[in-house]
Amino acid sequence: MILLTEAGIPRDLFLQVQEEMVRRARLETGTGKRRVYSGKYALSHLVYCAHCGDIYRRTQWWIRGEKIPVWRCISRIEKRKANVDCPSRTIYEKDMHAAVVTTFNQLIAQKDEFLPGMKLAMERAMQTSNSPRVTEIDERLEALQKELLKKANAKQGFEELADEIDSLREEKQDLLVEEANRAGMKQRMDELEALLAEKTTEVTEYDEGLVRQLIEKITVYDDHLAFEFKSGLETEVQM
Ligand SMILES: [Zn+2]
């Protein structure tokens, strides 16, 4: 299922950019612990637990003398260290892969329904620019710096001026990051569109490369997996 708004625009398209930014900046899990990510499996740093916010890690279970790969929330694997009694489920890797294939096929099958809305939303977003406000801030900053210098030379207090300068610098930084993200989002959306244009038939096999290229995050809920694509699109697979 692809989650669209009434206007056919993917839900939370731009809010996600902000979240992603914060998440990447911190590179931390929901529990505030730093994790070292393994690069061996494409899913290694993408799968999150809906219960405790930690990541899912690949491990192996011995079942009837056979090693079976499964994915489990790290809080459960490291139970003694974790201090969290996480009730999240264990997922067989083959089921996880099947869900990924299913969601790719959802995208392929429904691309004509969501791509136009997605492009429209993107075009609208690209029309807004932060540069007028950035110019305004630059001008104000220049004036404030001069004023601050005067006060400092006259040995007067300049706390308030310094505070305003700090907050304006912060605002400017946020505006620049936001604009860069918007450009990045557009690029990822274009990539998704190009990729979907190539795919005219169903995907039949799990593909690590496609996962790395397209998926931003997968959250494991009790009855479904929620996928977030790098393009901002969200899908769900019941399982
Ligand atoms: Zn968990």
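Derivation of every value follows stated rules applied to the coordinates shown; laboratory data play no part. These figures come from a predicted structure and were not determined experimentally. Here the Cβ is made from the backbone with ideal geometry for all residues, glycine too, and neighbour counts use every protein chain on show.
General remarks:
- Karplus-derived HN-Hα couplings along the stretch 193-204 (A = 6.51, B = -1.76, C = 1.60, θ = phi - 60°), whole Hz, x at Gly and Pro: 4, 4, 5, 5, 5, 5, 8, 9, 10, 5, 7, 10
- Spatially proximal aspartates and glutamates relative to K186 (Cα-Cα < 13 Å; intrachain offsets below 8 disregarded): E123, E178
- 5 angstrom amide H check on K230, placed H, neighbours 5+ away: I215, E216
- 16 Å Cα-Cα reach of K67 towards lysines, excluding residues that sit fewer than 8 places from it in its own chain: K94
- Electrostatic dipole magnitude of the stretch 15-238 [Cβ: Lys, Arg +1; Asp, Glu -1; Cα centre; debye, to 20]: 1220 debye
- 3J(HN,Hα) from dihedral phi, the stretch 169-183, Karplus parametrisation 6.51/-1.76/1.60, rounded to Hz, x for glycine, proline: 4, 5, 4, 4, 4, 4, 5, 5, 5, 4, 5, 5, 5, 4, 5
- Protection-proxy order for peptides 46-55, 144-153, 89-98, each taking the mean of Cβ atoms within 10 Å per residue, highest first: 46-55, 89-98, 144-153
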